[in-house]
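What follows is a structure written as structure tokens; I'll ask about it next.
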Amino acid sequence: MRLTPCRSCRGPRRPGNYLCHTCWCQLAMPVRRALCKRDTRALARLRQLHEQIDARVPLVEIAVSA
Ligand SMILES: [Zn+2]
């Protein structure tokens, strides 16, 4: 499996994690909790995260649906 870099800082990222540890820790706790849920909305939340990162929203201000 090819390793995808962290979407936010392009640094190395562990497989299975959405972001590298440094970027992940900057997300608000409710956002992290929501992103950890693996339900039918998981992909939609990941898309929201990616859209905001691509729009250069600061990590601390990122919000996703519950
Ligand atoms: Zn990162």
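For E61 and C9 in one chain, what is 0.36 nm times their gap in residues minus the Cα-Cα distance, to one decimal in nm?
17.1 nm
Using just the alpha carbons, could you tell me how many Å³ per residue the convex hull of the chain encloses?
Dividing the Cα hull volume of the chain by its residues yields 83 Å³.
Then there's this: Per DSSP helix of 4 or more residues, -39500 (n - 2.57); summed, then divided by the residues of the chain. What does that give at 222 nm, rounded to the nearest 500?
After summing the helix terms and dividing by the residues of the chain, the value is -10500 deg cm²/dmol.
In the chain, what cysteines have no partner Cβ closer than 4.7 Å?
C9, C23, C25, C36
None of the figures in this text is laboratory data; all of them are computed from the coordinates on show. Please read these numbers as outputs of a predicted model, since none were measured by experiment. FYI the Cβ positions are ideal-geometry reconstructions off the backbone, even for glycines, and counts take in every protein chain you see.
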